[in-house]
1. Name the residues in the range 1-27 that are farther than 24 Å from P47 by Cβ, at pLDDT 90 or above and either of a type outside the set (S, T, N, Q) or surrounded by 12 or more Cβ atoms within 10 Å (Cβ to Cβ) (or both), would you?
2. Mind checking which residues of the range 18-67 are β-branched (V, I, T) and more than 14 Å from L8 (Cβ to Cβ)?
3. Report yes if some residue within the range 36-43 is at pLDDT 90 or above, touching a strand residue (DSSP E or B) at 6+ places or on another chain (Cβ under 6 Å) and in a loop (DSSP other than H, G, I, E, B); otherwise report no.
4. For the range 51-67, which positions are over 15 Å from A40 (Cβ atoms) and surrounded by 12 or more Cβ atoms within 10 Å (Cβ to Cβ)?
5. Determine if the range 37-54 includes at least one residue that is in contact (Cβ under 8 Å) with a residue 40 or more places away in the chain and closer than 17 Å to C7 by Cβ.
6. Provide a single number: the residues in the range 9-29 that are without any contact (Cβ under 8 Å) to a residue 60 or more places away in the chain and either assigned to a strand (DSSP E or B) or farther than 20 Å from E48 by Cα (or both).
Amino acid sequence: MKKGFLCLVAVMDWAIRRGLAWRLSNTMEVDYCIEALEEAIGRQGRPEIFNTDQGCQFTSPRFTGMLMEAAVRISMDGRGRWMDNVIIERL
């Protein structure tokens, strides 16, 4: 890749500080985030709470709908507050 960016999504269990799933994408589409979420739930089971930032992928109806359908509480960090999610930001 000569120019451009890749987007990384990682799902981490904060209690054990272990990555459960991750994906890379060269677009801002929500599909790669949903794939990582499905893999993480498949490995670890349904979490009680899922914390994200306010990125367009995580606020999309498809992503939030999937969490609500699984009865997972959604927690979102404040806009521009990377310190709220420092564990995953250091990945």
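1. Of the residues in the range 1-27, the ones farther than 24 Å from P47 by Cβ are 1-6, 26-27.
Now narrow it down to the ones that are at pLDDT 90 or above: 6, 26-27.
Within the range 1-27, just L6 meets the criteria.
2. So in the range 18-67, the residues β-branched (V, I, T) come out as 27, 30, 34, 41, 49, 52, 59, 64.
Those that are β-branched (V, I, T) and more than 14 Å from L8 (Cβ to Cβ): V30, I34, I41, I49, T59, T64.
3. Within the range 36-43, not a single residue is at pLDDT 90 or above, touching a strand residue (DSSP E or B) at 6+ places or on another chain (Cβ under 6 Å) and in a loop (DSSP other than H, G, I, E, B).
4. Applying the first criterion (over 15 Å from A40 (Cβ atoms)) to the range 51-67 yields 53-56, 59-62, 64-65.
Of everything in the range 51-67, those that are over 15 Å from A40 (Cβ atoms) and surrounded by 12 or more Cβ atoms within 10 Å (Cβ to Cβ) turn out to be D53, Q54, G55, T59, S60, R62, T64.
5. First pass over the range 37-54, keeping only residues in contact (Cβ under 8 Å) with a residue 40 or more places away in the chain: none.
No, because not a single residue in the range 37-54 is in contact (Cβ under 8 Å) with a residue 40 or more places away in the chain and closer than 17 Å to C7 by Cβ.
6. Of the residues in the range 9-29, 14 are without any contact (Cβ under 8 Å) to a residue 60 or more places away in the chain and either assigned to a strand (DSSP E or B) or farther than 20 Å from E48 by Cα (or both).
The values are calculated or read from the model by the stated rules, or taken from the named source; none is laboratory data. Keep in mind it's a predicted model, so treat the numbers as computed, not measured. Here the Cβ is made from the backbone with ideal geometry for all residues, glycine too, and neighbour counts use every protein chain on show.
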